[in-house]
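The values are calculated or read from the model by the stated rules, or taken from the named source; none is laboratory data. Since the structure is predicted, the reported quantities are computational estimates derived from the model, not experimental observations. Cβ placement follows ideal geometry from the backbone for every residue including glycine, while neighbour counts extend to all protein chains displayed.
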Amino acid sequence: MADLEVLGIAGSLRAGSYNRALLRAAAELAPAGMAVRAWEGLRDLPPYDGDVESRGFPAAVEAMQEAVRGAGALLLVTPEYNHSVPGVLKNALDWASRPPGRSALSGKVAAIAGASTGALGTVRAQADLRRVLSAAGAFVVPSPEVIVASASQRFDPDGRLADEAARKHLGRLLASLAAWHRRVQG
């Protein structure tokens, strides 16, 4: 068992997404003592609905909240849809933040990365994600920002992050996540 268990959430449902590949690269590049485990339940979450919440959390939501609470830290890997966070990822964070005052995200240290085929990468989505996570009580690692632009040129045909500069940058983010986790939780 690793000293720091990181729950990785890719904000894309597509099996061949660059962000899911970036999350796999993070698992490969995790520093000694860290394990990055991908959470695969994004598709199972119902749309957030206060009426549903008032009747009791659906099983998929409870499982997600338990996974978030049980993780030492979080790594969110997001694409950018219409200059922001994908709806499925925002929905998961809305559920994770419930009920008010008992957010599963409260006190968690979270790192953000993202990949996109566009020239700006996921700059705007990451800015929005930082606001959402902060509002839910998470501490967001301030740097480095891992923005993999022109992703089709950064991954090989097998979906492996082949760009060495991006790999080093992602490794630095994971080291920073571990350092901030020690600082915040210590």
| Condition broken by Arg14, with the remaining ones in (1) in contact with a Leu (Cβ under 8 Å, 6 or more places away or on another chain); (2) exposed (fewer than 12 other Cβ atoms within 10 Å of the Cβ); (3) in a loop (DSSP other than H, G, I, E, B); (4) not hydrophobic (A, V, I, L, M, F, W, C) satisfied | (1)
| query | Within the range 48-60, can you find the residues that are part of a loop (DSSP other than H, G, I, E, B) and within 25 Å of Val109 (Cα to Cα)? | reply | Tyr48, Phe57
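Here's the yes/no breakdown for (1) surrounded by fewer than 18 Cβ atoms within 10 Å (Cβ to Cβ); (2) part of a loop (DSSP other than H, G, I, E, B); (3) out of contact with any Leu (no Cβ under 8 Å at 6 or more places or on another chain):
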site	(1), (2), (3)
Ala2	yes, yes, yes
Leu7	no, no, no
Pro31	yes, yes, no
Glu40	yes, yes, yes
Arg69	yes, no, yes
Leu75	no, no, no
Trp95	no, no, no
Ala119	yes, yes, yes
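Only one residue in Arg183, Arg172 is in a helix (DSSP H, G or I), on the phi < 0 side of the Ramachandran plot, surrounded by fewer than 21 Cβ atoms within 10 Å (Cβ to Cβ) and under 17 Å from the mean Cα position of the chain (by Cα), so which one is that? Outline the logic, then answer.
Details: Arg183 fails: under 17 Å from the mean Cα position of the chain (by Cα).
From the options Arg183, Arg172, the qualifying one is Arg172.
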| task | Return yes or no: is Val123 more than 16 Å from Gly11 (Cβ to Cβ), surrounded by 15 or more Cβ atoms within 10 Å (Cβ to Cβ) and at pLDDT 95 or above? | result | no
